[in-house]
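The values are calculated or read from the model by the stated rules, or taken from the named source; none is laboratory data. Note that the coordinates shown come from a computational prediction; the quantities given were computed from them, not determined experimentally. No Cβ is skipped: glycine too gets one built from the backbone with ideal geometry, and neighbour counts run over all protein chains shown. Surface areas here come from the heavy atoms of the whole protein model, side chains and all, with no ligands, DNA or RNA. Shrake-Rupley method; radii C 1.70, N 1.55, O 1.52, S 1.80 Å.
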Amino acid sequence: MVNTERKAEMSDTQLLTEQISLTLPSGVVRQYPKGVTGNDVAKSISDKLFEAALGIKLNGTLRDLNLPIEEDGTIEIVTFDSEEGRELYWHSTSHLMAQAIEELFPGTKFGTGPAIENGFYYDIASEHRFTEEDLRKIEERMLEIARRDLVITREELKREEAIEYFTTKRIDPYKVEILQDLNDEIVSIYHQGEFSDLCTGPHVPRTSKLKAVRLTNISTSYWRGDSSREKMQRIYGISFPSEKLLKEHFARLEEAKKRDHRKIGQELELFLISPKVGSGLPIWLPKGAIVRQELENFLKEEQSKRGYQMVYTPHIGNLDLYKTSGHYPYYKDSQFPPITLTDETGKEEQYLLKPMNCPHHHQIYSSKPRSYRDLPIRLSEFGTVYRYEQSGELNGLTRARGFTQDDAHIYCRPDQLQEEICNVIELTQLVFSTLGFKEVQTRLSFRDKTNKAKYGGTDELWEQAENDVRMAAEKMKLDYFIGIGEASFYGPKIDFIIKDAIGRKWQLGTVQVDYVMPERFDLTYVGSDNKEHRPVIIHRAPFGSMERFIGLLIENFAGNFPTWLSPVQVAVLPIVDAVIDYATEVTEKLKAVKIRAELDERSEKIGKKIRDAELKKVPYMFIIGEKERDSKSVAIRRHKEGDKGTKPLDEAIALLKEAIAMRK
């Protein structure tokens, strides 16, 4: 029944009207009068939720808070804490910024103003050239409009009527062009005070929801991204429901600059990108290669325990191979162009830099007959692939054109599928926990059924694959959410999203069920009934890309790698030249048990040697003076922690070996 605390606020007439049932995220079902709004529902739950509410999700669809609800359904109050809430908030702020610009600079015309990953922008056409000083004025006017507490309303009208509106009442040729390209019969306009904008919505209910804003940048853009069209000015910004959140955001940005993997990678001599080699093609330096090798060895060890077999495949393949898989032409725009060769007989062949490892692995599977007794077959490879990323999208290790995936493909029978998916999930969780990632979200990435042309395979195969993924997630008790349209073209995925040390989210690790490739490559096994059957394929990559994963690790640890990953694990620092011989002996003993040690023989004061080792982020320092030499001991110093006391050399080595073996 209706919450008893709120009954008194509803009139007798309301209580007598037709009731609808709304199911809250907790599973609780509440009765409300037909026509109730999201605002009413939020207020009936708590005043705090009412204040935080930005929109609602009704039966999974995002809607305005103040629209009437006419039928039973599931409802979720959307707040700034969710990705959808932030997107809604930032998109609403872009409209508010446009209103402020229009008030300050009359005659300005507006292109598009979407929410983006961190904030929003609006493309504007104005004879005025905007400056940093203008941005501060616009911010002030935005907050002033917010204090007006204007109600934001949605108006739906026919497309032809909207064209007339933006042609005669609110003259804006950019909105008219957008409308002329739409096929929708009904469109929507949002109004706030004297300002109106074409938009599908939803939006926050009132301008007073905006509490803090910072306009961050001005850049040049072109109408509809076409360099042959009008040049526009793009103003970026970000906003929050409190000044505290705004300050925290910019504090994180400052911290992110300090942790930038490109900066730290150069300082620690981990990798380089040479223009002579090519943009987006990282070169691993010796110390960076150690980090990568340790990660690879870790995963190889765990894979070996679980029955994986290592393989190696070429860096290129015949174009027909990728046409069979569908990688060409599905991902044609993100691949290097085919290489066309003509041999001495005049025969022409086309090759492609390998965009994915899986088609090569399918050739290994099909190289000989398979029996049901052979399955599952688990093939793994650290295989380098190539994608043509636009130059503006390249970003050190985290967005490259050549990168190595920790790929594996499991070929199994349908009755083995659930166990195999669960085993892969367990391995992925082990990788994350070993590296200290405790906050992990799980997304089940399914196809968008309204855009079937984007995907391969039949409806029946997709329904089976999505059901298998969901059942495995539930069996492993994953706290998951579903991402419609996030699937690969050949199957649904389980995507793992981790949160790093400064709160940023990264998608890492993928588990994918595939019923499509076995059909495309005619993969079979002979079953116990002596008939041919299709295997199911699981695509799996806990790290995803070695480059991107290490880029993330560098930023997550700020270069302070755990000891087992650190390129140099111990810096041996003699205080005086008289102990160099013993310091050399200590260094050799460390190396003999595979501890990575460096001896600092420079004629520098010990304070400088310690500072330099700290700057290099070496986890342990063994300080050696005459006392340590005479007692066959070392004074241990820990990076960022300081003095840890003196221990006999053998005991210090044993402690270090144990920490490394436990991957600490």
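Within the stretch 42-81, restricting attention to residues that are buried (at least 17 other Cβ atoms within 10 Å of the Cβ) and hydroxyl-bearing (Ser, Thr, Tyr), the residue that is farthest from residue 212 (Cα to Cα) is 44. For the stretch 379-399, a tally of residues being open to solvent by 20 Å² or more (accessible area, probe 1.4 Å), in contact with a Phe, Trp or Tyr (Cβ under 7 Å, 6 or more places away or on another chain) and outside any strand (DSSP E or B) returns 1. Scanning the stretch 573-612 for residues that are in contact with a helix residue (DSSP H, G or I) (Cβ under 7 Å, 6 or more places away or on another chain), under 23 Å from residue 290 (Cα atoms) and assigned to a helix (DSSP H, G or I) yields 586, 589, 590.
Scanning the stretch 585-594 for residues that are open to solvent by less than 50 Å² (accessible area, probe 1.4 Å) and either within 16 Å of residue 627 (Cα to Cα) or acidic (Asp, Glu) (or both) turns up just one, 586.
This table checks each residue for (1) open to solvent by 10 Å² or more (accessible area, probe 1.4 Å); (2) over 17 Å from residue 411 (Cβ atoms); (3) free of Cβ contacts under 8 Å to residues at least 12 places away in the same chain.
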{"site": "451", "(1), (2), (3)": "yes, yes, no"}
{"site": "467", "(1), (2), (3)": "yes, yes, yes"}
{"site": "507", "(1), (2), (3)": "yes, yes, no"}
{"site": "510", "(1), (2), (3)": "yes, yes, no"}
{"site": "522", "(1), (2), (3)": "yes, no, no"}
{"site": "525", "(1), (2), (3)": "yes, no, no"}
{"site": "533", "(1), (2), (3)": "yes, no, no"}
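Screening residue 226 on (1) without any contact (Cβ under 8 Å) to a residue 24 or more places away in the chain; (2) under 19 Å from residue 87 (Cβ atoms); (3) of a type outside the set (Gly, Ala, Ser) shows it passes everything except condition (2).
Among the residues of the stretch 84-104, is there at least one that is at pLDDT below 95, open to solvent by 60 Å² or more (accessible area, probe 1.4 Å) and in a loop (DSSP other than H, G, I, E, B)? The answer is no, given that none of the residues of the stretch 84-104 is at pLDDT below 95, open to solvent by 60 Å² or more (accessible area, probe 1.4 Å) and in a loop (DSSP other than H, G, I, E, B). The number of residues in the stretch 266-295 that are touching a helix residue (DSSP H, G or I) at 6+ places or on another chain (Cβ under 9 Å) and open to solvent by less than 30 Å² (accessible area, probe 1.4 Å) comes to 8.
Among the residues that make up the stretch 408-417, is at least one of them open to solvent by 10 Å² or more (accessible area, probe 1.4 Å) and in a loop (DSSP other than H, G, I, E, B)? The answer is yes; a qualifying residue exists. Annotation: of all residues in the stretch 225-252 being touching a helix residue (DSSP H, G or I) at 6+ places or on another chain (Cβ under 8 Å), surrounded by 15 or more Cβ atoms within 10 Å (Cβ to Cβ) and not polar (S, T, N, Q), the one that is modelled with the lowest pLDDT is 230. Number of residues in the stretch 301-315 that are surrounded by fewer than 13 Cβ atoms within 10 Å (Cβ to Cβ) and under 25 Å from residue 519 (Cβ atoms): the value is 1.
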